[in-house]
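Single-structure report; data block below.
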Amino acid sequence: MSEPVFPKADSADVALLLEGTFPFVSGGVSSWVNQIIRAFPEIRFAIVFLGSRRSDYGAPKYALPDNVVHVETHFMHDDLVRHGIEVKPSKGDPAAFARVMMLHETFRQHGARDLSAFAALAPELAPGGCLPLDDFLHSEQAWGVITSSYRRFCTDPSFVDYFWTVRIMHQPLWMLARVAKDLIPVRALHSVSTGYAGFLGALLARSRGLPLILSEHGIYTKERKIDLYQSEWIQDNRNVFQRDPSELSYFRTMWIRFFEWLGRLCYDAADPIIALYETNRLRQITDGAEPARTRNIPNGVAVKRMAALREKRAPGVPPVLCLIGRVVPIKDIKTFIRAMRIVANRLPEVQGWIAGPEDEDPGYAQECRDLVASLGLEDNLKFLGFQKIDELMPKIGLVVLSSISEALPLVILEGYAAGVPTLATDVGSCRQLVYGLDEDDRALGAAGRVVGIADPQALAEAAIELLQPEAWQSAQAAGIARVERYYTDELMFGRYREVYLEALARSPVAPGVAS
């Protein structure tokens, strides 16, 4: 596969720091990024894409808008094993590693908010600093820190697994320090998550004095925890006598703590810190965000454009349940499939469509296909792959989300705008979107139904109820009214225009002037 050719520039207004999303991965966050870039043609964007390995991504899924003037891609796990590089013996800087130990002592103190040790140490990760990557990988000081920490803290008996976990976990930080040093001059930073992208934002904000905007769709640390709980590659080497069933394995705990601190470092540097809805804003504060810096800006969709799709609908309620999303475990596609078996038993003509890419987790996608076959659903359930929303919406009766984690799903709002009610699990802001947030909102009525997670029986019963004409028409009317009043793209763009103007006004870099 040939490498995509991206634009390059000497400077930009805003650097978007994106981890595993636009332009290589389709989905809600990427669609939102695409929306935002196109909404502000007067702003020149630079994109810094952070991925795992180059081989994990194909060609870009989105055409770049003209105001994306610079793109650079970095793959954090491509260089974990550096072939052909001569390793030279090194003692390492004792003072630098003493500061590393002090920083980790700070991290072990739950609730600690003094990040001065990080502020002092972070610049030393960059090329020319006193803590270079080679010293982390090969020096006597690094070996001493790792073996000492293993003896003091690790409850897993495998030193080999501990050693490689420490390496894999920390090595990308040096790459991010180099990215921060080499990034073209920009006036402001905008990260769409905490994690590695947020850490890069914190490095840039501290080293260049730039304003950092943070927009979190989900809560990164929460989603990483879900991934880590499900991960099979993390070992627990304790035997039955060493293991406490009520405790997570040491390495899972280690990863979770690592991502929590990446989040805290980002929160410390970011202003404003934006959530999509109130529950997530409160979660950000619990995780270390300064309350005065937080605010909510809900997603919005192009209601005027999508309203035209209502005219394309055939009379009646199509018996089509459509799950629009990536075929990955966090979407819990299997619960949707199991629910479809129950619905099909009662409504043999029903169709279930799964519209989303399957390439992110091919193993899980195959398990879903096998489940369809084992339940005898080949005539009732289809995997459509990625589909254009405008072509899909007029043909379906319900938008279905069976996820175990969501934020504020754009697809629900797009469904409302196109006249399609929704059936969702009780995650993220789905309850707010279906039943309303406050008294005025709730007075608009229920735009669908919300059920518990991992409950195919409840999902099926709610689907059967909603497909009845009277219930469906009531939900459709409520959804249209809700999206038109609270979730238009015009409202969202107006709020983000204020955010960008505020950030650019605070920037130490004047318009058109390289720092």
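For this structure, a couple of remarks:
- Computed over segment 257-403, the P(r) curve from all C-alpha pair distances, binned at 5 Å from the origin, holds 2, 8, 14, 14, 13, 12, 13, 11, 8, 5, 1, 0 percent per bin.
- In plain terms, the chain from Tyr150 to Glu349 could stretch by 65.6 nm, reckoned as 0.36 nm per residue minus the Cα-Cα distance.
- Only aspartates and glutamates eight or more places from Lys312 in sequence, or on another chain, were considered; those with a Cα closer than 14 Å are Asp390, Glu391.
- With bins 5 Å wide beginning at 0, the percent of Cα pairs of segment 255-309 falling in each bin runs 4, 19, 22, 17, 12, 8, 6, 7, 5, 1.
- Using θ = phi - 60° and Karplus 6.51 cos²θ - 1.76 cosθ + 1.60, couplings along segment 457-468 (whole Hz; Gly, Pro as x): 5, 5, 5, 5, 4, 5, 5, 4, 5, 5, 6, 5
- Hz values of 3J(HN,Hα) by residue in segment 93-99 - Karplus curve (6.51, -1.76, 1.60), Gly and Pro given as x: 8, x, 5, 5, 6, 5, 5
- Proximal lysines to Lys382, defined as alpha-carbon separation beneath 18 angstrom and excluding residues fewer than eight positions away on the same chain: Lys331, Lys334, Lys395
- Euclidean distance of C-alpha centroids, segment 1-55 and segment 280-310, integer Å: 20
- Note: segment 358-515, Cα convex hull, 176 Å³ per residue.
- Estimated FRET transfer efficiency when R0 is 45 angstrom, pair Asp359-Ala95 (beta carbons, to 0.05): 0.45
- Reducing segment 111-180 and segment 429-479 to their Cα centroids gives an inter-centroid distance of 49 Å.
- Sorting the segments 275-284, 212-221, 92-101 by their mean number of nearby beta carbons within 10 angstrom, highest to lowest, gives 212-221, 275-284, 92-101.
- The tail of the calculated P(r) for segment 1-103, taken as Cα-Cα distances beyond 24 Å, holds 41 percent of the pairs.
- Extending 7 Å from Cα along the Cβ direction at His138 and again at Lys8 yields two label points whose distance is 2.9 nm.
- Once the Cα gyration tensor of segment 1-48 is diagonalised, semi-axes √(5λ) in Å: 18, 16, 9
- Across all Cα atoms of segment 69-220, the radius of gyration (one decimal) and Dmax (whole number) stand at 16.5, 50 Å.
- Value of Rg to Rh for segment 444-515 (Rh from inverse mean 1/r over Cα pairs, i.e. Kirkwood): 1.35
- Max-minus-min Cα coordinates of segment 326-424 on each principal axis give 36, 31, 23 Å, with the largest extent listed first.
- Within the accessible area of the chain (1.4 Å probe), percent carbon and sulfur: 53
- Entry for Rg/Rh (Cα atoms, Kirkwood Rh) (calculated from the structure that is shown) out of (i) 0.99; (ii) 1.01; (iii) 1.08: (i)
- When peptides 285-295, 10-20, 252-262, 418-428 are sorted by average Cβ neighbour count within 10 Å, with the highest value leading, the order is 418-428, 10-20, 252-262, 285-295.
- Between Ile168 and Leu248, the modelled labels are 1.6 nm apart [label points 7 Å from Cα along Cα→Cβ].
- Spin-label model, Met102 to Ser55: label points 7 Å out along the Cα-to-beta-carbon direction sit 4.2 nm apart.
- With q set to 0.18, 0.29, 0.31 Å⁻¹, the log10 of I(q)/I(0) for segment 403-457, from the Debye formula over equal scatterers at the Cα positions, is -0.56, -1.23, -1.30.
- Solvent-accessible heavy-atom area per residue, rounded to whole Å², over segment 282-368 at 1.4 Å: 44
- Over all pairs of different C-alpha atoms, segment 177-220 has a mean inverse distance whose reciprocal, the Kirkwood radius, equals 10.5 Å.
The values are calculated or read from the model by the stated rules, or taken from the named source; none is laboratory data. Only a predicted model underlies this, so the values are computations on that prediction, with no experimental measurement involved. Cβ: placed from backbone, ideal geometry, glycine included. Neighbour counts: every protein chain shown. Note: areas computed on protein heavy atoms with side chains; ligands, DNA, RNA excluded. Shrake-Rupley method; radii C 1.70, N 1.55, O 1.52, S 1.80 Å.
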